[in-house]
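A.B. asks: Take a look at this one; I'll ask things after.
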Amino acid sequence: MTRKRKWSGVVLTTAMVAGLLAGCGGNDNNAGTNNGGNASNSGANGNATADTTPLTMSYYSEDPNPNWAGMQDEVGKQITSKTGITLEAEFAVGDPVQKSALIATSGDYPDLIAAKNSINKFVDAGAVIDLTDLIEEHAPNIKKLYGDQMARLRYSNEDKSIYVIPTNAGVNQTYFNAGGGFELQHRVVKELGYPTIRTVKDFENAIKQYLAKYPTDENGNPNIGLTLNADDWHMYISVTNPAFLTTGAPDDGEYYIDPKTYEVTYHFKRPEEKEYFRWLNHMNAEGLLDKESFVQKYDQYKAKVASGRVLGLIDQDWDYGDGEKALKAEGKFEYGYGHYPVTLSEEFKETSFWPTGFMSGYGIAISSTNPDPVRAIKFLDYLASEEGQVLVNWGVEGKHYNVEDTKRVIPADVNNRKVNDAANFQKESGIGNYTMIGPHYGDGVKDSTGNYFTTNFPEQIVAGFNDVEKEVLAAYKATTWKDLFPKEDEFEVKPWGAAWNIPVPGDSEITILDEKLKTITWKRIPEAILATPENFDKVWDDYMKELDAANVEKAEELRGELVKARVELWSGE
């Protein structure tokens, strides 16, 4: 009989708090290598000693997954077959931080908890358990996967417990492609003879020149120069994060950290960023910015992208991807987007690939009310095993990939569905549904057979490009979009990882201060962008005064203490 534990869900619809997804566009780079040898066989790889008695565990995640199929997809069924575990999942709706806070104080906990900046709430409530001994006794694959990075799983200097198995970053990650930067449709750069797209002025000129030639689409609808996604937390990704990425600062959420002194500045106070927003103000005044940027909802934004009328974006591909996939499904490949390392001026380097080293940060925890913590850790250990990693990344052998001359190969028809029918393929196959549920190796790491654990490696990435994309890349003398961007070795690794990744103590004043600052910023930034150019400086000065009145210096001071504590914690490994 299947054992089952349920928990009561809570549905909220308010906005996300500052920093929750501030680092979504960031990279957790670590150029180290790991040859990923054979995993231990203490039941973790599904051998005869594993307990596969059916057991359903409840699982709560702050990250949504619209393609979740209740583990009835092909990969999910294999995982259940190997472990006996089925997850009854619930994903956050609305504000995940507030929802997590309510769950943490309710005493009615899901069995497995995947929280981001809210993990402190569960720790403070005694809702999650220390995993140190469980890992040591029952999780050889997890120990192997993290290796010498295990020390970074510790919670704090005062509490060295391991409450979370990190899922936000792959161990020894190498990035082979770019998914952010500034985006232009391929038809734009092709029409203009592949101009250099290096600064905001280059980006602006390309849009302006193309619109002058083609102000409307084939149906007479006006083409749109640039649209922004400012709906709820997407404001971080499309509107505010680019201000530091284009002005030489790394992604530390809402703060800039001096790399030598660790002094913290609310990043909007940087003079360079003021000039970035002045440029957006100029784009609006020139009629090149979509007038609906700050009122459209996310679905409207994606629909607008899917219409093919939007020439330029400032976003991450996972954020606008549904719209682009719709274009590809119609065979409109010239309406797809390329990624360009745009900065305010040539004095700056685009910072998308500024390395952080391995970041433990958020991940999955086992609750204090979990009916079987040993089964839970063994489930996570299976996902960390070589067999489990190949399964969650590649799928089922003979169906999603074949082995030819010792190499894993994805058949052309399968790869076509992965690229051009991604949502349906994920729902059916389950590939992509389980990476963030457990620990995982990063791109570029090879297993004991000499194959990559993930399918994100140069040859496979290029195989996923359509002919138009390959043509545009070739014109820019590039193989992947990352070739156009500054590389990791052009920056110093940040010893604190990323500030947005540092847990905030539950009793810290930072949470309240951050919310006040976010409220002011999300009001003033759109106001500054939409102001007449002659009023921009006044709006900006008023914005700075409001930040001061909201005690921004106190927020900077408290955040600085957390950064220094993180450096101390990690330097003691």
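A.B. asks: Suppose we keep only residues that are crowded, with 20+ Cβ neighbours inside 10 Å and not in a loop (DSSP other than H, G, I, E, B) within the range 334-353. Which one would you say is farthest from the chain's Cα centre (by Cα)?
C.D. replies: Going through the qualifying residues, I end up with Tyr335.
A.B. asks: Could you tell me which numbered condition Gly331 fails, if it satisfies all but one of (1) closer than 21 Å to Phe465 by Cα; (2) touching a strand residue (DSSP E or B) at 6+ places or on another chain (Cβ under 8 Å); (3) assigned to a loop (DSSP other than H, G, I, E, B)?
C.D. replies: Against the list (1) closer than 21 Å to Phe465 by Cα; (2) touching a strand residue (DSSP E or B) at 6+ places or on another chain (Cβ under 8 Å); (3) assigned to a loop (DSSP other than H, G, I, E, B), Gly331 comes up short only on (2).
A.B. asks: Out of everything in the range 38-60 that is at pLDDT 95 or above and surrounded by 15 or more Cβ atoms within 10 Å (Cβ to Cβ), what residue ends up being farthest from the chain's Cα centre (by Cα)?
C.D. replies: Across the range 38-60, the extreme among qualifying residues is Leu55.
A.B. asks: Could you tell me whether any residue of the range 121-136 is surrounded by fewer than 21 Cβ atoms within 10 Å (Cβ to Cβ), among the polar types (S, T, N, Q) and not in a strand (DSSP E or B)?
C.D. replies: yes
A.B. asks: Also: Looking only at the range 464-522, which residues are in contact with a helix residue (DSSP H, G or I) (Cβ under 7 Å, 6 or more places away or on another chain) and of a type in the set (Val, Ile, Thr)?
C.D. replies: Val468, Val472, Thr479, Thr480, Ile502, Val504, Ile510, Ile520, Thr521
A.B. asks: Please work out if Thr265 is in the same structural domain as Tyr214 (by TED's automatic domain parsing), surrounded by 23 or more Cβ atoms within 10 Å (Cβ to Cβ), touching a residue at least 60 places away in the same chain (Cβ under 8 Å) and of a type in the set (S, T, N, Q).
C.D. replies: no
A.B. asks: Within the range 410-423, does at least one residue satisfy the condition of being in contact with a strand residue (DSSP E or B) (Cβ under 6 Å, 6 or more places away or on another chain) and crowded, with 16+ Cβ neighbours inside 10 Å?
C.D. replies: Within the range 410-423 (the criterion being in contact with a strand residue (DSSP E or B) (Cβ under 6 Å, 6 or more places away or on another chain) and crowded, with 16+ Cβ neighbours inside 10 Å), the answer is yes, since at least one residue qualifies.
A.B. asks: Also: Is it fair to say Lys304 is surrounded by 19 or more Cβ atoms within 10 Å (Cβ to Cβ) and touching a residue at least 60 places away in the same chain (Cβ under 8 Å)?
C.D. replies: yes
A.B. asks: Given the criteria modelled with pLDDT under 95, among the basic types (Lys, Arg) and out of contact with any helix residue (DSSP H, G or I) (no Cβ under 8 Å at 6 or more places or on another chain), does Lys121 qualify?
C.D. replies: Here the answer is no, as Lys121 does not meet what is asked.
A.B. asks: Residues to consider are Ile525, Ile512; find the one that is over 30 Å from Arg152 (Cβ atoms) and not assigned by TED's automatic domain parsing to the domain that holds His234.
C.D. replies: After applying the criteria, what remains is Ile525.
A.B. asks: Can I ask one more? Going by the structure shown, is Ala92 buried (at least 24 other Cβ atoms within 10 Å of the Cβ), in contact (Cβ under 8 Å) with a residue 12 or more places away in the chain, among the aliphatic types (A, V, I, L, M) and in contact with a Lys or Arg (Cβ under 6 Å, 6 or more places away or on another chain)?
C.D. replies: yes
A.B. asks: Continuing with this model, one more query. Could you list, in sequence order, all residues of the range 464-505 that are among the charged types (D, E, K, R), part of a helix (DSSP H, G or I) and more than 14 Å from Tyr194 (Cα to Cα)?
C.D. replies: Listed by number, the residues that qualify are Asp467, Lys482, Asp483, Glu488, Asp489, Glu490.
A.B. asks: Now for a separate question. Does the range 136-148 include one or more residues that are small (Gly, Ala, Ser), touching a Ser or Thr at 6+ places or on another chain (Cβ under 8 Å) and in contact (Cβ under 8 Å) with a residue 40 or more places away in the chain?
C.D. replies: There is no residue in the range 136-148 that is small (Gly, Ala, Ser), touching a Ser or Thr at 6+ places or on another chain (Cβ under 8 Å) and in contact (Cβ under 8 Å) with a residue 40 or more places away in the chain.
A.B. asks: Do you know which of the residues in the range 161-212 that are among the basic types (Lys, Arg) and out of contact with any helix residue (DSSP H, G or I) (no Cβ under 6 Å at 6 or more places or on another chain) is farthest from His282 (Cα to Cα)?
C.D. replies: Lys190
The values are calculated or read from the model by the stated rules, or taken from the named source; none is laboratory data. In this text, all values refer to a predicted model and were calculated from it rather than measured experimentally. Backbone-built Cβ (ideal geometry, glycine too); neighbour counts: all protein chains shown.
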